[in-house]
Every structure is written in structure tokens, then in C-alpha cells.
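One structure is given below, encoded as C-alpha cells.
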């Protein structure tokens, strides 16, 4: 008697499906260490999120996830229940360093950066210091003093605003060159342009870019940047934030919890379509031309006037 082939058991979250930049997994002859996933403080929310260091801690990447209900992956001969698709993209380490410099600035004195970027809850934050190279220099966000052979820094609001403004301007340039629709000319539910590109104002581009950059800033810093850009505050968040369609894909970091890859998927909840019974399906095919509804036979007859 033939025996049934047993299905391979599904695994937990030991395997992920990841899309990443080449720089996230490439190694050099000087440093062949594998990338490392760590927990760091999210600069926008202050909560725990997952990040990845690569290139001997010289590059840092953020991890974001795309998730919908009832998704899984078939990998080889196994089924993986975690159907999320993770995106690993580079992030400027200065965004992650900013909260520590702002906190240390309250003391009002110059300090070594090693003394400022310390956190008992997130000990891996010290790895960020290795990422502060030429393009992520502290000179963009802090004043600098050198005493002997040691450098001391102090957070500078003025320098930070100018640095963030350059970030916004570069983002606006990319949006225009990539022909991406922004502002009120986009239907958020369908991400379809309803305005001509010439009808989109520079303010709409600035607001859209500000919304993207603000995903890496605290609420107070985002508000200060809005003032620095000389943009009036608006009450409706729809005019500031990117369309919901774009947000659905990947706008939230992977939050680290007990499963180490928790992701909030409330926005993806959907109600299943209502199924028709066999009788309802057959009635739907009947030609109802000239037929009266059942309520017509029970409605009161119109009164006739007496002669």
C-alpha cells in the first residue's frame, strides 16, 4: 500500500526574504565580517527598531517591512509562515546620532563624542561612531573644538537646520527628476496623478520632501525644520504627509520585540468579500425584465374617488 508523502514542517522566523542594496552584503579584503543586525533607538519615535551594520561597522542600514495578511513563503521544500518582505536600505548615521547630541547639549558644554553617544538600553549605538566618516561628519550638526589631539563637540541647532535643508532640497530635486507626483495632485488611495506636473507648486514639493525627511526626526525637530523652510504650519496632515499608497508599501521600521522582527500590520486588515449562496447565484442569472417585486403585491391599493 502506497504511503502518503509527508509535507515538510513549516519553520518559524529563522529565515527571512530580504531585498537589500549590494553595499549591505558586500565585503572587502580588509574586512570580511558578515553584516550584523542590532537594536537601536529609532530617532523619530524613540522606540526600539532593527538596523544592520556592514562593512566593518562603516555603513548602517535601516530595516523596513512590507506585510499583508495571510502571506507566507515557499522556500525549497519548506513553508515559512513569516510572509513579510524586508527591505534593507542605507541610512545616514547622523540621523541616529542626533538624539544623543541634542540630549547632551542640555549640559551646555563641549564633550567627546564617545561620551555623548552612549546608551545603556542600546549599547550597540557606539557602533555608529565608526560610520562617522567624511560624508557623515559631525561638523554638519555640531560645533567642534580641538584641544591637543582630542576633539570636542557640541550640538548646533543652526548647523543642523542648514544640513536638513540641504537634505530637503536634494529630495525635491530627486522627486522632480523622477517625475513623482506629490501634494494635492495625487489621490492617496490610488496614487494617480490628477494634476499636470506644471500645476504642482514648489511648496507642495517642499512639504512632501519635509514629510519624508521627518520620518527620521523627532516631532520637535520636524517642527523646527518646517519653520526653517519658511513653510506655514497646516492643520491637515494629508497636506504634509506622503500619499497613503506609498506609506502602505514601506514606511515603518521593523520594530524589535520578542520575535525580533515585529511589524505593525493594522493598516493592512481587510474584510473578506461576502460569498453568494448557490440560490443567490442562480437568481442573479434570471432575466427580470417586466417582473414586479414582491412588495408590489402587498402595497395598499390607491383609493378611488366616489361619483
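The values are calculated or read from the model by the stated rules, or taken from the named source; none is laboratory data. These numbers were taken from a predicted model, which means no experiment stands behind them. Positions of Cβ are backbone-derived with ideal geometry, glycine not excepted, and every protein chain shown enters the neighbour counts.
Considering every residue within the range 93-116, establish whether at least one is in a loop (DSSP other than H, G, I, E, B), in contact with a helix residue (DSSP H, G or I) (Cβ under 7 Å, 6 or more places away or on another chain) and surrounded by 17 or more Cβ atoms within 10 Å (Cβ to Cβ). No, there is no match, as no residue in the range 93-116 is in a loop (DSSP other than H, G, I, E, B), in contact with a helix residue (DSSP H, G or I) (Cβ under 7 Å, 6 or more places away or on another chain) and surrounded by 17 or more Cβ atoms within 10 Å (Cβ to Cβ).
Being under 24 Å from the mean Cα position of the chain (by Cα), over 28 Å from residue 166 (Cβ atoms) and modelled with pLDDT of 75 or more, is that true of even one residue in the range 24-35? Yes - at least one qualifying residue is present in the range 24-35.
Of all residues in the range 158-178, none satisfies being assigned to a loop (DSSP other than H, G, I, E, B), modelled with pLDDT of 95 or more and either outside the structural domain of residue 205 (by TED's automatic domain parsing) or under 22 Å from residue 223 (Cβ atoms) (or both). Residue-level check: of (1) closer than 13 Å to residue 41 by Cβ; (2) within 24 Å of the chain's Cα centre (by Cα), residue 82 misses just (1).
For the range 185-229, give me each residue that is at pLDDT 55 or above, more than 14 Å from residue 165 (Cα to Cα) and either buried (at least 16 other Cβ atoms within 10 Å of the Cβ) or not assigned by TED's automatic domain parsing to the domain that holds residue 161 (or both). Of everything in the range 185-229, those that are at pLDDT 55 or above, more than 14 Å from residue 165 (Cα to Cα) and either buried (at least 16 other Cβ atoms within 10 Å of the Cβ) or not assigned by TED's automatic domain parsing to the domain that holds residue 161 (or both) turn out to be 200, 204, 215, 218.
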